[in-house]
Structures are given as C-alpha cells and as structure tokens.
1. Starting from 0.36 nm per residue, how many nanometres of slack lie between Ala142 and Ile35 once their C-alpha separation is accounted for?
2. Calculate, in nm to one decimal, what Asn99 and Leu210 gain on full extension: separation in residues at 0.36 nm each, minus their alpha carbon distance.
3. Label points 7 Å out from Cα along the Cβ direction at Thr191 and Tyr263: separation in nm?
4. Given the pairs Lys93/Lys217; Lys80/Lys274; Lys80/Lys217; Lys82/Lys292; Lys82/Lys217, which span a C-alpha to C-alpha distance of over 22 angstrom in this model?
5. Under a point spin-label approximation (7 Å from Cα along Cα-to-Cβ), what is the Lys58-Tyr235 distance to one decimal in nm?
Amino acid sequence: MKYILILIFLVLSAMASKIDSKKGVEIENYDITNISDEASKRSMQKWLNIDFGLRPHKANYFLPIGYRNGHYKSYVPTDKYKNTEAEIQVSLKLYLGTNLLGYNESYYLAYTHQAFWQTYAESSPFRETNYTPEAFVEFPIANGKTYFNMRSITLGIAHTSNGQGSNKGISYTNPINDPGNRSRNINLIYTELAFQYDTLLTELRLYTPLPGTTKDKDNPDIMNFLGYSSIKFNYFLGNHMFTLMARANFEKMYGAVEGTYSYPLIDNAYFYAKVFSGYGESLIDYNNYITKFSMGFSFSR
C-alpha cells in the first residue's frame, strides 16, 4: 500500500507541475471581466491564480530512496529501523512587507518541515520529523560594486524541534522499556551574507543560540556538532544546478558537508540527488556521524 501512495504522490506532483499557476485550467472555467466591484474582482483573481503569497523557501523534495552507511539508533526494542528510507521536505515562506525602515528591506515568515520516513520497514513509521518556523528580514545591496559582489544581508531567528516531549524524571519498572529522552530543540539567531559571481551564488551564514537557551537540557552540547557558521555554494550550469554546503566547529573538530544536484524533468519538477556526511542531518542524530546518499524529485530548488 505504501508504494501505491508514493506512486500516486509522484503522479499528482507531475500533473500539478504542468499547470501554470497564472493560466491553469481552473481559470479558464470562469469569467470575471464583467464584475463591477473592483475589490471583489481582485479577490477572485487572486483566488483563481492560486496566489496566497506562499513561495518556496528551501528546496521542496520527495526522495524515496535514501541509503546510509551504518544503522540508525533505536530508542525502544520495537524499533527495527532500516538503513534505507525516504525523506520529505516542505519549505515555504510568506512575504509580509517592505521598507519599514527605509532600506528597501523585505520581511518574511517561513516554515520548513523535514521528515525521515521508514518506508521499507514494517509499519513504515516516521523515524524523525523536524519542524522549523522562522522569521527574517532581508536587506538588499543595491550597489553591484560592493566588496565581493555582496547582494544581500539577512537577519533572522529560527526555532527547530522534533516535536517529542521530554520523559526525563519518568521511572520505568523495566529499564529496557526506557526509550531515553527523544526531545530535541534549538533556538538560533543568525545573519546571512549573500554574494554573486556570474552563475555562482554564495551564502555565508553565522549563527548562535538565542540568549538564555544555550544550556537546554535536551541537547546541551548541540553547538559542538553544528558549529557556529556555514557556507553554501549554488552553481548553475545550463539547466544543471549544483550545491555544496559545509559547516564546522573548528574547536571541537565536528561538522558536516552536503552536496546536491538537480536537473529539470518537466516544468516545475526536477531530478534531485543529495549526499550528506557528518553530524546534524536531523535533530535526533545531531551527535551521530551519518553518511547518506538520497535521490528522488524536487519541486523547487
């Protein structure tokens, strides 16, 4: 049954990608040219255009095949995780407004949902799910002759959680039934500098825990593995897109690298492949070293 659901998802996604959001078949069934009330006309046009202000934030993808070297940690004896699983990411942002401070800056809210789905295990559980709401403001750099061709500066705040409640302090009659604390979360403030050189876009991000949250009992040492900075390169070569991300804590000598490749298949659907190696693939595995190759489809880059 799970494979049928995956197939249906892919077929529907491919069909949806063929519909231009401005000229889809839904619009052709309605005529609003003779509506006299302009406010009603604008509202209907926005509804017909499927325009709710949501835009892609990070890559949106479905990767039905993800193979890792080694095995995922099980927290209870009944967890029988496979080293092959699927991965889903939905990431959207909402534009709020511009130029409140007079610098042509833009304000956004965003949400990213990342799920690791054990489709090949019995009962197909979601092994881990991470939720990231965030808010940020982007300041454009109008002068193209800035140092290193800087294009924008972004300031933001983000919370990431795996949605698990803490079970600290709970006593179990049989210790084997104690799953350990699965709750993970982190609150970050960050700044990101964006640069452009021809078709190479570079994003340098500096981040630190929100003051007062550095000693969170769920994962007090998480910054040892995530570090305090990352750099990401986005390179376009014709229809091909390559990305390379690296982050590190040079004091503790922990970090991670991630590379992706995408190529358009139809309109808004892409072949998408990803390689990850290091710490922090997900919150539950922030201190576990994972090397993993995944492939599937993305619906934004």
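1. Value of the extension gain: 34.5 nm.
2. Between Asn99 and Leu210, full extension yields 37.4 nm more.
3. It works out to 4.0 nm between the two label points.
4. The answer is Lys93/Lys217; Lys80/Lys274; Lys80/Lys217; Lys82/Lys217.
5. Taking the two extended label points, one gets 2.3 nm.
Taken together, the values in this text are just the output of simple stated rules run on the coordinates, not laboratory data. Treat the numbers as computed from the prediction; the structure is a model and nothing was measured. With ideal geometry, Cβ positions are generated from the backbone for all residues, glycine too; neighbour counts draw on all protein chains shown.
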